[in-house]
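Participant: Please find one structure pasted underneath; my questions will follow.
The values are calculated or read from the model by the stated rules, or taken from the named source; none is laboratory data. These figures come from a predicted structure and were not determined experimentally. Counting neighbours? That spans all protein chains shown, and the Cβs are built from the backbone with ideal geometry, glycine included. Accessible surface areas use protein heavy atoms only, side chains included; no ligands, DNA or RNA. Shrake-Rupley method; radii C 1.70, N 1.55, O 1.52, S 1.80 Å.
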Amino acid sequence: VGRLEAADVFFCTNFLVCNSDEIDVLASANLLAPLGLRASRDRTNRAVAPTGGYTLAADLEHASRATFSDFDYERIVAEGTLFHGLPLGMVLAGRLRGGWLSASPFRGFEATPRAGVRVAPPQKRFYAGGANSVRGFAQNQLGPRVVTVGAEELLFPRNGEETAICAPEAVANLSCDASPLAEGDFASRPSGGSAVVEGSVELRFPIVGPYLAGGAFLDFGQVWSNPDDAALGDLVVTPGFGFRYSTPIGPVRLDLAYRPAARQELPVVTSAIRPWVEGQDPASSRILDPTTGERIDWVFVDALARLDTPVSFAEAEGFTWRRVQLQFSIGHAF
């Protein structure tokens, strides 16, 4: 039994539930009670830094009314690794992981206008990117994301411009197009997906004695919001190299990886607003222009809103240091 205490933006970006009443339902005490089954097989020649053998593992979870869970879903994850010793102390290692998640309607919404909306707990969704995943991306930054921006950025002129990006009416009815903003004006938040494929091929080799070693790797992967959209053509490949220094608690690892140019269309979440009502709302509640100090006849609503038009980010082709990702960790990636 758990209560999910978080900012409203967490619910709006992870559950796509932005109304304050619906957020209260999700934030209240709910049961997460899956029944799980795990099978595994380990045939590696040693537990740390194996030089031969393989591992196989599969996890299945089911949660429903029958298991006394408020969240209903099925989840399957399978993973395999393979290690092959080569001359001169080198090791060729490989890893492949796949996952699938199917969520049913959240029973906490049965008596609300959101009845029938499928909700999967964020901790059960799939994420990719990081030191033990696709290393060309920061932690959890590969796959579905939502970007957030303050309503003030949309309602008032910026950087000396004469007009605002959107009129208040467009922000209120969610027709505002935030695409004139630069990518750096948004905050990016991973929302997770319902299907994942990721893997690595890595060549490990000694450099100085038994203490300093190197690795050259090719990681690949993708996360999809809907399993029906999964396609191998969407996989992103990130090559890289790194160094490992042996310690009593395992190798200290430093990796550099490079990700290719990408294009994504991302949903935009901002603050909901409504017209100011004279005699009902205090004059001080009107939205303040942070640059001029003037107020407009609109007020914030205690809710977030998802704009109808997503924003598209396209990175320029060619090498740039911006797409080089540094990863620091203890232990091998797999």
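Participant: Over the range 65-159, give the accessible area per residue in Å² for a 1.4 Å probe, as an integer.
Facilitator: With all protein chains present, the range 65-159 gives 44 Å² per residue.
Participant: Roughly to the nearest percent, how much of the accessible area of the range 180-296 is carbon and sulfur, given a 1.4 Å probe?
Facilitator: 60
Participant: Related question: Just name one of V9, L256, V299: the one whose Cα is farthest towards the positive end of the charge dipole of the chain (beta-carbon charges, Lys/Arg +1, Asp/Glu -1).
Facilitator: L256
Participant: For the range 35-119, with only Lys/Arg (+1) and Asp/Glu (-1) charged at the beta-carbon, what is the dipole magnitude about the Cα centre, in debye rounded to 20?
Facilitator: Dipole of the range 35-119, to the nearest 20 debye: 180 debye.
Participant: Which GluC sites (Glu not before Pro) in the range 208-298 sit in a loop by DSSP (not H, G, I, E or B) and have at most 14 other Cβ atoms within 10 Å of their own Cβ?
Facilitator: E278, E294
Participant: What percentage of the solvent-accessible surface of the range 58-121, computed with a 1.4 Å probe over protein heavy atoms, is contributed by carbon and sulfur atoms?
Facilitator: Here carbon and sulfur together make up 65 percent of the probe-accessible area.
Participant: Which residue, chosen from P267, T238, F205, occupies the Cα position most advanced towards the positive end of the dipole of the range 150-289, where the dipole is computed from +1 (Lys, Arg) and -1 (Asp, Glu) charges on Cβ about the Cα centre?
Facilitator: F205
Participant: Right, next: Work from the charge dipole of the chain (Cβ charges, +1 for Lys and Arg, -1 for Asp and Glu, about the Cα centre) and give the residue of A333, S284, V311 farthest towards its positive end.
Facilitator: Working it through, the farthest residue towards the positive pole turns out to be A333.
Participant: If you place +1 on the Cβ of every Lys and Arg, -1 on the Cβ of every Asp and Glu, and leave all else neutral, what size is the dipole of the range 146-231 about its Cα centre, to the nearest 20 Debye?
Facilitator: Computed about the Cα centre, the dipole is about 460 debye.
Participant: Return the FRET efficiency for the residue pair R274, S225: r is the Cβ-Cβ distance, R0 is 35 Å, and the value is rounded to the nearest 0.05.
Facilitator: According to the calculation, E is roughly 0.70.
Participant: Cβ under 14 Å from P239's Cβ, P239 left aside: what net charge do those residues give with Lys, Arg +1 and Asp, Glu -1?
Facilitator: 0
Participant: Okay, moving on. Can you give the Rg to Rh ratio for the range 259-325, taking only C-alpha atoms and Rh from Kirkwood?
Facilitator: Checking Rg against Rh, the ratio lands at 1.24.
Participant: Follow-up. HN-Hα J couplings of the range 311-323 from phi, Karplus 6.51/-1.76/1.60, θ = phi - 60°, integer Hz, Gly and Pro as x?
Facilitator: In residue order, the calculated couplings are 9, 10, 10, 10, 8, 6, 6, x, 5, 8, 5, 4, 9 Hz.
Participant: If you don't mind, another one. Could you grab the relative contact order for the chain? Cα pairs under 8 Å, six or more apart, rounded to a whole percent.
Facilitator: 16
Participant: Could you list the residues of the range 53-81 with an amide nitrogen less than 11 Å from a label point located 7 Å from the Cα of A39 in the Cα-to-C-beta direction?
Facilitator: It comes to 57-60, nothing else.
Participant: In debye to the nearest 20, how big a dipole does the range 179-332 give about its Cα centre with +1 on each Lys and Arg Cβ and -1 on each Asp and Glu Cβ?
Facilitator: The calculated dipole for the range 179-332 is roughly 740 debye.
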